[in-house]
Amino acid sequence: MSKYEITIDPSLCSGYGACVDAARDLFRLDTGGIATAVVTHTDDPAALDAADACPMGAIFVQEVRAA
């Protein structure tokens, strides 16, 4: 099973919320409307869907390889 690391560039986020729609358990919008990751590491492939759904390209998901 793959593990993923999630990072968000808040300077790119415009608060569309597509990430929340794609992966409600992994993302939320903060009080300023900027996306935040609920967790930074996950095995949920929905993280990839959320990154693909972001119209601003603010979400980066990288596969973490086991040592």
Sequence-separation-based contact order of the chain, relative, with Cα cut under 8 Å and 6+ spacing, percent: 47
Tell me the carbon and sulfur percent of the accessible area for the chain, rounded to whole percent, probe radius 1.4 Å. 50
Per GNM of the chain with C-alpha springs under 10 angstrom, the most fluctuating residue out of ASP30, ASP49, ASP21 is ASP30
So which trypsin sites (Lys or Arg not before Pro) in the stretch 13-67 pass both tests, a DSSP loop state and at most 13 other Cβ atoms within 10 Å of the Cβ? ARG24, ARG65
Tell me the per residue accessible area of the chain using a 1.4 Å probe; a whole number in Å² is fine. 63
Given charges at beta-carbon only (K, R positive; D, E negative), |dipole| of the chain in Debye: 100
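The values are calculated or read from the model by the stated rules, or taken from the named source; none is laboratory data. Keep in mind it's a predicted model, so treat the numbers as computed, not measured. Cβ coordinates were reconstructed from backbone atoms using ideal geometry, including for glycine residues, and neighbour counts include every protein chain displayed. Please note that ligands, DNA and RNA were not included when accessible areas were found on the heavy atoms of the full protein model with its side chains. Shrake-Rupley method; radii C 1.70, N 1.55, O 1.52, S 1.80 Å.
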